[in-house]
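Here's the structure, in structure tokens; my notes come after.
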């Protein structure tokens, strides 16, 4: 039987001593469970500002740095993926800039772990259909982030 959630984590070498893959997986599983997501395959990447800026420019047309990017794979399409029963559907990938997370944590006065957890939850919620372009959507997404993040320290 396939795993309910397959979560791959890639951490760029300069950040491997600062970020633990099992901790990121635990947070991702928490979000997926809170959202009652079916079997899903998710990728998480922790990288640098240059890489995130390049991805933002190439795929979103924004030549600027950012903290987190989400690239969904489960979009409606004319030819959906054919998967065996119970197999994890590809959800997408969340890419986080570690240096930006550190900077934002310092600006907000909380830990880098709290910032990484927030960015990961935010990115996964995007993959699950949440958005913050409209005021009401932003409120709903922020509320959901807070609910999912409540007690995240227990996952440390």
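Rule-based calculations on the coordinates, nothing more; no lab input. The structure presented is a predicted model; accordingly, all values stated were derived computationally and were not measured. Reconstructed Cβ throughout: ideal geometry from the backbone, glycine too, with neighbour counts over all protein chains shown.
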If the chain between residue 16 and residue 57 were fully extended at 0.36 nm per residue, the gain over the current Cα-Cα distance would be 12.2 nm
Mean-square fluctuation maximum in Gaussian network of the chain, Cα pairs under 10 Å, restricted to 144, 20, 29, hits 20
From the Cα gyration tensor of the stretch 1-43, with a ≥ b ≥ c the square roots of its eigenvalues, which class applies: rounded if a/c is under 1.5, or else prolate if a/b is larger than b/c, or else oblate? prolate
Sorted peptide list for 54-62, 42-50, 132-140, criterion being average Cβ within 10 angstrom, highest first: 42-50, 54-62, 132-140
Full extension between residue 4 and residue 131 adds, at 0.36 nm per residue less the Cα distance, a length in nm of 43.2 nm
Using just the Cα positions, wrap the stretch 22-67 in a convex hull and report its mean projected area in square nanometres, one decimal place. 4.2
Mean residue ellipticity (222 nm) of the chain, computed from DSSP H runs ≥ 4 via -39,500 (n - 2.57), nearest 500: -14000 deg cm²/dmol
Calculated SAXS-style log₁₀ I(q)/I(0) at q = 0.24 Å⁻¹ - the stretch 98-141, Debye, Cα scatterers: -0.82
How high is the relative contact order of the stretch 30-75, in percent, with contacts defined as C-alpha pairs under 8 Å that are six or more residues apart? 25
Would you mind telling me which residue in 108, 93, 35 has the biggest mean-square fluctuation in a Gaussian network model of the chain, where springs connect alpha carbons within a distance under 10 angstrom? 108
